[in-house]
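Read the figures in this text as sums done on the coordinates, not as results from a lab. Treat the numbers as computed from the prediction; the structure is a model and nothing was measured. Note that each Cβ is placed from the backbone with ideal geometry, even for glycine, and that neighbours are counted across all protein chains shown.
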Amino acid sequence: MMGKPIVTVVGSLHMDFTVVTDRLPSPGETVIGKTFKMSPGGKGANQAVASSRLGAKVYMVGRVGRDYLGSLLVEALKKSGVETAFVIKDPSSYTGIALITVDPQGRNTIAVAPGADGALRKEDVERAMPIIAQSSALLLQLEVPIEVVTYAAEEARKRGIKVFLNPAPFKPLPEDLYRNIFALTPNEVEASALTGIEAKDEEKLGKMASKLLDLGTENVVITLGSKGAFLAHRKGSLLIPAYRVKPLDTTGAGDAFNAALAVAVAEGSSIEDAVRFANLVAACKVTKLGAQEGLPKRNEVEAFKGGLISP
Ligand code: ATP
Ligand code: RIB
């Protein structure tokens, strides 16, 4: 067995401000919350921490502001073993933040002010290219400029690196991005927005996936929350059920899922086994509060699995 796989993440870093409420506020409404927590987040940083806790050697590429929150975020990454030499402290912007509400079912609403995420440039990725070239996987999401995502995917693919793109939050994708993607991992809403097809049943999921495969992606994994994930590639498709748990906070479930998928593939698992592992890691995450703080270590995932009934 080889040593730790190297995983590089290009993406966002946020400080999350989370209020737990009895119900999510409607437009124009104020809801009095029960608890408040400030904790590290951002889809990119969450994927980096998740990958590191699952056993990969992880490099993060991104931007924070040259401010107090930025320093806290970089420290949080270091504490989880993530290499931060490619996280730039931008002097002309502020650290990105997310305002989150979580209800008793673990559902959330999120509003992001991207700040320094929006200043990430191709050159920042170019500087990390020697590391990306040695990586087994490159993880991308859509909280940084799309031209940076497109550039990173193209350059990684040229070097034979497997690219995992979580197209969240939704943005239309340039057509020539798809051919550089090893695994595209939208949730149901993002898959509908990308394809113009409504996700009503498994047949419709198949239609969505076919459309995305036709654009050139090697694998499509549509995540379905408590229902699990739908995997499709050129040889076929199947729905892989989620583990049954009582969710406390689903914030970061997608990030845990994507990191686990990439780490498992980097370790040599088939894409199907990697989706099973990703369902397990994400189920473990949703039982804990906090996007990044709730991400499980490998040994916690094993212990969690021992106490579960298989789906
Ligand atoms: P988020 O934006 O909240 O991080 P997402 O919308 O990107 O998540 P989901 O499809 O909601 O993604 O969840 C990702 C994965 O997390 C699912 O495919 C599943 O494996 C796991 N998951 C999410 N919610 C639950 C749940 N209630 N029970 C078990 N597993 C869950
Ligand atoms: O995926 C969860 C993340 O989305 C949160 O940590 C928040 O920062 C938003 O970016």
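Numbers at a glance
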quantity	calculated
Links that overshoot a 22 Å alpha carbon limit, given the list LYS37/LYS79; LYS57/LYS285; LYS171/LYS227	LYS171/LYS227
The range 26-56-the range 180-217 distance, computed between alpha-carbon centres (Å)	26 Å
Cα-derived Rg to Rh of the range 186-284, Kirkwood definition	0.95
Simple Cβ-charge dipole of the range 153-292, Lys/Arg +1 and Asp/Glu -1, about Cα centre, in debye nearest 20	220 debye
Order of SER12, SER80, SER51, SER210 - criterion: other Cβ atoms within 10 Å of each residue's Cβ, fewest first	SER210, SER80, SER12, SER51
Fluctuation leader among GLU218, GLU203, GLU293 - the chain, Gaussian network, Cα springs under 10 angstrom	GLU203
Proximal aspartates and glutamates relative to LYS43, as straight alpha-carbon distance under 14 Å, when same-chain residues fewer than 8 apart are discounted	ASP16, ASP117, GLU143, ASP255, GLU293
Sequence-distant residues sharing a close amide H with ASP16 (under 5 Å, placed H)	SER39, GLY41, ALA98
The chain: equivalent-ellipsoid semi-axes (sqrt of 5 x gyration tensor eigenvalues, Cα, Å)	25, 24, 20
Cα gyration tensor, the range 1-117 - rounded (a/c under 1.5), prolate or oblate	oblate
The chain, relative contact order [Cα under 8 Å, separation at least 6], %	18 percent
Cα gyration tensor shape of the range 65-156, rounded if a/c is under 1.5, else prolate or oblate by comparing a/b with b/c	prolate
Choice from PRO247, PRO114, PRO172 with maximal GNM fluctuation in the chain (Cα, 10 Å cutoff)	PRO172
Rounded to whole Hz, the Karplus (6.51, -1.76, 1.60) HN-Hα couplings of the range 235-241, x for glycine and proline	8, x, 8, 7, 9, 10, x
DSSP-defined antiparallel bridges as percent of all bridges, the chain, nearest 5	45 percent
